[in-house]
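The values are calculated or read from the model by the stated rules, or taken from the named source; none is laboratory data. It should be emphasised that the depicted structure is a prediction, and the values quoted were computed from it without experimental measurement. Neighbour counts run over all protein chains shown; Cβ positions are idealised from the backbone, glycine included. These accessible areas exclude ligands, DNA and RNA; they are computed on the full protein's heavy atoms, side chains included. Shrake-Rupley method; radii C 1.70, N 1.55, O 1.52, S 1.80 Å.
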Amino acid sequence: MAMDKTFDAATAESRLFTAWEQAGCFTAGANAKPEASSYCIMIPPPNVTGVLHIGHAFNNTLQDILIRWKRMQGFDTLWQPGCDHAGIATQMVVERELAKNGEQTRAKMGREKFLEKVWDWKGQSGGTIINQLKRLGASADFSRTAFTMSGAPGAPADEADGNFHDAVIKVFVEMYNKGLIYRGKRLVNWDPHFETAISDLEVENIETPGHMWHFKYPLAGGATYTYVEKDEDGTITLEETRDYISIATTRPETMLGDGAVAVHPSDERYASIVGQLVEIPVGPKEHRRLIPIITDEYPDKDFGSGAVKITGAHDFNDYQVAKRGGIPMYRLMDTKGAMRADGAPYAEAAALASKIGKSTKPLFETLVEFGAVSENTEVSQRETVAANFIDTINLVPDELRGKNRFIDGHSEPQAREIVVAEINAEGLAVMVTEVTTVKDDDGNETEVSNIVPYVENKPIMQPFGDRSKVVIEPMLTDQWFVETDKIVGPALDAVRNGDVKILPESGEKTYYHWLENIEPWCISRQLWWGHQIPVWFGPAVSADKQHYTSEAPVQFCATTEEEAIKLANEYYGPEAEAYISSYDQYQAEAKRAEGGISGFDDVPNMEMHEVGKKKRYCLFRDPDVLDTWFSSGLWPIGTLGWPNESEEMAKYFPTSTLITGQDILFFWVARMMMMQLAVVDQVPFDTVYLHGLVRDAKGKKMSKSTGNVIDPLDIVDEYGADALRFSSAAMAALGGVLKLDMKRIEGYRNFVTKIWQASSYGDNVIDAFSAERGAEPPKATLPLNRWIIGEVAKLREDVDAGLESFRFNDAANALYAFFWNTFCARYLEFTKPIFHGEDQAAKDETQAVYAWAIDQSMILMHPIMPFVTEEIWNVTDGRGVDTGDASKMLIHAEWPTYTAADLVDADAEAEMNWVIAVIDNVRSARAQVNVPAGAQVPMVVTQIDAAGQSYWDRNEALIKRFARIESLTPADEAPKGSIAIPAPGAAFALPLAEIIDVAKEKARLEKTLGKLAKELGGLRGRLNNPKFADSAPAEVVAEARANLAAREEEEAKIKEAFDRLAEIG
RNA sequence: GGGCGAUUAGCUCAGUGGUAGAGCACUUCGUUGACAUCGAAGGGGUCACAAGUUCGAACCUUGUAUCGCCCA
């Protein structure tokens, strides 16, 4: 059948993809040989809200290349696709959707209704990205498409078949029972927009213009001290009496929650006042709170005044200091980042806090003394109980309550601005002299000195939520944590001992560095969309189970409500019973909505009820959900059916290769390692291939605001999926930066066309595909055919070597160079004289070899360019997708195993190299002396060895055609004024005295001689160095010798030609 | 400040000890029967700098400079 003029990617792609899918080509185990080893890739699950961007396209192309390659090799392959429920991102998208449609807000419709909406949305548009992957030719087993929320309560019937939810819950319970998960009041990153905690990794620190204010904290009771400053030599530079300590801060509004002022223990300037009390210079004058001056290693003597205010509830460094020093941590803000409005009036709260601040006893004892907590509290609970009490104290002055923490888009001054203004007004700012130049009416400039508050304008590192883009507030809240330091060991060992390989190797270093310094992982999120934490709270009872206590609630962690009740009943004893109240869960949420974010300790019904004779204890479930990465951390086992003992789990786990972006090494890769090892005690994969962000041609990040975003589907539309895929492979150098240049894609689109044209030549011109053919190379006698068969074998080795070492670029470049430069530019051209000749046997042989070489090229190119290759496979022989038979399609063709050692014929290779050298040398010489391209010229041979003569005899027609030689005449000497053509073992000349420019030809030869001289110099230098022969490997020395001989021969010929030319001018 | 990396042709990048490569761009020529989404021929690099190891360094070591990315 005659092939069309060009490959129509747009129509072919969907047709081919449908044929593959219908024939079941992608399903797990398709095309596997009996007893095959398995090869499994887990897709990094894209967000279910996502649309395909160029990074996905790149990432999934690499996965598809490996899967197609392994599938053709007969491995039992599984490429597992699916999506991540992406808690924050999805909740955000659906909320935006609701707002757009004028529906009720999330808060108004409530949890259950909202979750229904999310599932609706997921059902309607959740599959977008998976369908987009198909446009790339992704051959994942779509019948197994997984979802990290499948099987969760509330999932619609058609979503409930998976059991990912069960896996997540089971892991949580197991880890809880092993003591790897705990709940505690810790300082976490709080996102005031989404009103949830987020993990360290979800925070982006961005340098932002900020201010550093300097304030005076007066010593209590008007005390004074002598403040002395010295320079490096110990000379006193300043000595004065002060009644204050100077503090620098970028966050004045947090002064309200200060628990102490800290100085370095070795700081002599403040040694005399350590232990004294200072007054926080904010809030109503009559209720000023006193806090102690303490010592801690944290303050930097050389930074600011050397003294630091300690606000444990709103700063990570201060938190550590406060923990070390038992300093109370007063939370000042609510879930929206506004100043708290709950609790007792300021006067009362400040008085209590002041008393606490003055106490020299440990915090718990102090609180017992004030009757705030019970001295009977169990020792293990004391810290929690004390912290919970402290958290009820609202130290925000009445007039600031409900205001935002800083101005951030508000028109009115907010807490920060008001606090600063009040301190300045009271004269407690540190003052400096500022000199400004003013012009009077006559234009005369005068310098004016003003005493002004000392405020430095300086960039500060400000934390932002990676999703919400709002300023993150460190907030002291109750959260769930994974005790990462307990599970990190095996994850580190697995990479250290080589069980898991991370590529490029630098990724391993980064991995070690992070895991060796890992922090507890905050896994609870105050969201609705996600896996709800399987812990139920109940009231604590006394040891004799007779009465309720005010201690922190008891946790019952279980996979189901029934289990939780069972656990609770065991705890409460036979005379009581537990029941579940969803009402109380809502109470807890409502409490949080009002700004109470610390816990559920005093949720109304959280106590026992006497019903008849039996005590009843109300349980309610923690309303929080798990961090999305907690569930995606279980992606490998979760998608394979764990915790059931599934066949897939046995076959495909541990999986083989993970291909993902460097940016989620910590988020995902490290966590999968830790969790799989913690849960099933096996590594999740053998090899991790990390790649960078795909950037634009100039190396800039693609972003909507820059307007340089390239939509991969636009590329597919314009250039075809194969061109995009080939570009991806060619860009994928290990550790390389990924700059996507449209020019390059265009170039690979041209390559696709080239492949098509070469096939079309085989089909339409030489009719190569009509004969039967198989995987074995045809019997060939012609050196040309024997040579190309060997070249194909070399290519097979190169492609396999590239893919085996994840050097996709090497594989791609080998294919490109072979097909364009060797197959098309040489072999295809060289077949032409045969088909224009009369030798039928030669024609038959060449048809067969041509067809075989095309077949093999299609096979070897298929993993990278599945569409054009499958289409050619189909069109050139009526095989393939048109049959509907998977076993006949290229996608399931047998990957070759022949080697260069099997198929390379050294004689044929030498012959073809000689022929090519002669042609190239003639062409080069002709072009340089401006012989018209079309002109047929005579050639003279002055010297030729036996091998050369036989090469010539066998290839005369070919050489004459491509070098445009009309005749070859032997001569003793080259005619005067001819152009020299050296070749290995031969010397030719073109007698063109009448048309050439002698000076030009001399210049050409001189240039060649110059190059040769340089090369010869290097070679001789090496060979004359006795140490070289002694130390270098024998083959390197031999190669250098051979090289030298060849160059010397060439030089001699050119010198001779040059001398001859010199005779005539 | 800590960690990781980069610096090679005009541009984008390969190149893991044997003397420099690709694509694009550029110059000249060419509508020769697969292909102008093409063909032929060419120009172009002190491999950031410095010192060291080595018979031999773009490659290994150390330092310097500049630029990225990640974490504080």
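Checking every residue in region A:764-786 against the condition of being near RNA strand B (Cβ under 8 Å from one of its atoms) and either touching a residue at least 24 places away in the same chain (Cβ under 8 Å) or surrounded by fewer than 21 Cβ atoms within 10 Å (Cβ to Cβ) (or both) gives at least one match. When region A:979-1003 is filtered for residues that are open to solvent by less than 30 Å² (accessible area, probe 1.4 Å) and assigned to a helix (DSSP H, G or I), only A:GLU1001 remains. Taken over region A:920-958, the criterion of being within 22 Å of A:ARG826 (Cβ to Cβ), in contact with a helix residue (DSSP H, G or I) (Cβ under 6 Å, 6 or more places away or on another chain) and among the hydrophobic types (A, V, I, L, M, F, W, C) is satisfied by A:VAL922, A:ALA957, A:LEU958.
I need the full set of residues from region A:506-517 which are more than 20 Å from A:THR655 (Cα to Cα) and either near RNA strand B (Cβ under 10 Å from one of its atoms) or open to solvent by 30 Å² or more (accessible area, probe 1.4 Å) (or both), in order please.
Across region A:506-517, the qualifying residues are A:SER506, A:LYS509, A:THR510, A:TYR512, A:HIS513, A:TRP514, A:GLU516, A:ASN517.
Here A:GLU829 clears all of (1) open to solvent by 10 Å² or more (accessible area, probe 1.4 Å); (2) touching a Phe, Trp or Tyr at 6+ places or on another chain (Cβ under 9 Å); (3) more than 10 Å from RNA strand B (Cβ to nearest atom); (4) in a helix (DSSP H, G or I) except the condition numbered (3). Would you call A:LYS976 surrounded by fewer than 15 Cβ atoms within 10 Å (Cβ to Cβ) and within 60 Å of the chain's Cα centre (by Cα)? When the stated conditions are applied, A:LYS976 does not pass them. Among the residues of region A:836-848, what is the count of those that are in a helix (DSSP H, G or I), within 16 Å of RNA strand B (Cβ to nearest atom) and open to solvent by less than 30 Å² (accessible area, probe 1.4 Å)? Residues in region A:836-848 being in a helix (DSSP H, G or I), within 16 Å of RNA strand B (Cβ to nearest atom) and open to solvent by less than 30 Å² (accessible area, probe 1.4 Å): 2 in total.
Residues in region A:1005-1050 that are part of a loop (DSSP other than H, G, I, E, B) and open to solvent by 60 Å² or more (accessible area, probe 1.4 Å): A:ASN1025, A:PRO1033.
Residues of region A:864-918 that are under 30 Å from A:ARG725 (Cβ atoms), more than 38 Å from the chain's Cα centre (by Cα) and either open to solvent by less than 10 Å² (accessible area, probe 1.4 Å) or modelled with pLDDT under 90 (or both): A:VAL875, A:THR876, A:ASP877, A:GLY878, A:ARG879, A:ASP882, A:THR883, A:GLY884, A:ASP885. Taking every residue in region A:159-188 that is part of a helix (DSSP H, G or I) and pairing it with any residue that is surrounded by fewer than 17 Cβ atoms within 10 Å (Cβ to Cβ) and small (Gly, Ala, Ser), at least 6 positions away or on another chain, the pairs with Cβ-Cβ distances below 9 Å are A:GLU159/A:GLY123. Summed over region A:415-427, residues that are touching a residue at least 60 places away in the same chain (Cβ under 8 Å) and in contact with a helix residue (DSSP H, G or I) (Cβ under 9 Å, 6 or more places away or on another chain) total 6.
In the set (1) surrounded by fewer than 14 Cβ atoms within 10 Å (Cβ to Cβ); (2) modelled with pLDDT under 85; (3) not in a helix (DSSP H, G or I), the condition left unmet by A:GLU1063 is number (3).
May I ask you to verify whether A:GLY29 is at positive phi and either open to solvent by less than 30 Å² (accessible area, probe 1.4 Å) or in a helix (DSSP H, G or I) (or both)?
Here the answer is yes, as A:GLY29 does meet what is asked.
Considering only residues in region A:736-748 that are near RNA strand B (Cβ under 6 Å from one of its atoms) and in contact with a helix residue (DSSP H, G or I) (Cβ under 8 Å, 6 or more places away or on another chain), the one that is least open to solvent (accessible area, probe 1.4 Å) turns out to be A:GLY736. Taking first residues from region A:946-957 that are under 14 Å from A:LEU784 (Cα atoms) and partners that are in a helix (DSSP H, G or I) and open to solvent by less than 60 Å² (accessible area, probe 1.4 Å), the Cβ contacts under 6 Å between residues at least 6 apart in sequence or on separate chains come to A:TYR951/A:GLU911; A:TYR951/A:TRP914; A:ASN955/A:VAL915; A:ALA957/A:PRO833.
Does A:LEU201 fit the bill of being within 16 Å of RNA strand B (Cβ to nearest atom) and in a helix (DSSP H, G or I)?
Yes.
Under the condition of being more than 16 Å from RNA strand B (Cβ to nearest atom) and modelled with pLDDT under 85, which residue from region A:181-192 is surrounded by the most Cβ atoms within 10 Å (Cβ to Cβ)?
Restricting to residues being more than 16 Å from RNA strand B (Cβ to nearest atom) and modelled with pLDDT under 85, the top hit is A:LYS185.
The condition of being in contact (Cβ under 8 Å) with a residue 24 or more places away in the chain, within 18 Å of A:ALA732 (Cα to Cα) and of a type in the set (Ser, Thr, Tyr) does not hold for A:THR639.
The rows are residues; the columns are (1) modelled with pLDDT of 90 or more; (2) in a helix (DSSP H, G or I); (3) within 30 Å of A:MET861 (Cα to Cα); (4) more than 16 Å from RNA strand B (Cβ to nearest atom).
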{"position": "A:GLY638", "(1), (2), (3), (4)": "yes, yes, no, yes"}
{"position": "A:TRP642", "(1), (2), (3), (4)": "no, no, no, yes"}
{"position": "A:ALA650", "(1), (2), (3), (4)": "yes, yes, no, yes"}
{"position": "A:ILE659", "(1), (2), (3), (4)": "yes, no, yes, yes"}
{"position": "A:GLN682", "(1), (2), (3), (4)": "yes, no, no, yes"}
{"position": "A:SER703", "(1), (2), (3), (4)": "no, no, no, no"}
{"position": "A:PHE726", "(1), (2), (3), (4)": "yes, yes, yes, no"}
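Is it the case that some residue within region A:443-461 is within 30 Å of A:SER524 (Cα to Cα), part of a strand (DSSP E or B) and touching a residue at least 12 places away in the same chain (Cβ under 8 Å)? The answer is yes; a qualifying residue exists. Of A:LYS486, A:LYS566, A:LYS545, all but one fail to be open to solvent by 70 Å² or more (accessible area, probe 1.4 Å), away from RNA strand B (no atom under 16 Å from the Cβ) and closer than 20 Å to A:VAL679 by Cα; the exception is A:LYS486. Restricting attention to region A:943-957, does a residue exist that is near RNA strand B (Cβ under 10 Å from one of its atoms) and either out of contact with any Cys (no Cβ under 8 Å at 6 or more places or on another chain) or not β-branched (Val, Ile, Thr) (or both)? Among the residues of region A:943-957, not one is near RNA strand B (Cβ under 10 Å from one of its atoms) and either out of contact with any Cys (no Cβ under 8 Å at 6 or more places or on another chain) or not β-branched (Val, Ile, Thr) (or both), which makes the answer no. Only a single criterion out of (1) of a type outside the set (Phe, Trp, Tyr); (2) surrounded by fewer than 22 Cβ atoms within 10 Å (Cβ to Cβ); (3) in a loop (DSSP other than H, G, I, E, B) is not satisfied by A:THR226, namely (3).
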